[in-house]
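Take a look at the structure below.
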Amino acid sequence: MKTKNIAGFCAATLAFVGFVQAQDLRRVTFIGTLNDYSPSTVSGGPWEMRGEWSLDLLGTANFSADFSMETSDYGITDSTQVDPTNPATRSPHTHHVVMNNVTVSFDTSTCPANKPASTGESMGPSTLQVCIIGGSNVEYSNLTLVYTGPATGHFGTQPIHGVVRKIIAQ
């Protein structure tokens, strides 16, 4: 069996870093959390984003993320946005993002760098890039989600960060 060193994987642009057997087509599931903030420049922002995600990889990829968003504590400093005595003014809401049967790319050159460095399926006019990368010590450690298109008005253009908590190879 030939071994192929892969620099990463990208769905819709799903990017993946790892070492895999070229002819070993086992299903691999990645599970993790995302915790980040949008910039204050997006409508209603800055938003806190908290949730869980999973990626099922076997030739193509299926990705889903369920997360909540609400105005961050920073929003409290602007009295027109958040009343600290009224949680409803934080505009809490949820998102369920799903991409099915997405092509996988092994080119991670378009993935955002993790800072500090670690040693999209199209939905209407917006696209989501999902990258799973790592380093020499932890092979699969980080998740980034990057939107392009109209969704950036809500999520921003910066990478949304998460971590890989569990990997299941079947």
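The values are calculated or read from the model by the stated rules, or taken from the named source; none is laboratory data. Model, not experiment: these values are computed from the prediction. Note: ideal-geometry Cβ built from the backbone for every residue, glycine included; neighbour counts use all protein chains shown. The area values use the complete protein model at the heavy-atom level, side chains included, leaving out ligands, DNA and RNA. Shrake-Rupley method; radii C 1.70, N 1.55, O 1.52, S 1.80 Å.
For segment 131-165: of the residues being of a type in the set (Ser, Thr, Tyr) and not in a helix (DSSP H, G or I), which is least open to solvent (accessible area, probe 1.4 Å)? Don't jump to the end; show me each part of the working.
Quick first cut of segment 131-165, residues of a type in the set (Ser, Thr, Tyr) only: 136, 140-141, 144, 147-148, 152, 157.
Checking which are not in a helix (DSSP H, G or I) leaves us with 136, 140-141, 144, 147-148, 157.
On the way: 136: 97, 140: 35, 141: 22, 144: 2, 147: 25, 148: 77, 157: 101 Å².
Residue satisfying both the conditions and the ranking: 144.
Residues being of a type in the set (Gly, Ala, Ser) and at pLDDT below 50: count how many of those fall in segment 98-124. The total comes to 4. The test for being open to solvent by less than 60 Å² (accessible area, probe 1.4 Å), at pLDDT below 85 and either outside any strand (DSSP E or B) or under 22 Å from residue 35 (Cβ atoms) (or both) does not hold for residue 95.
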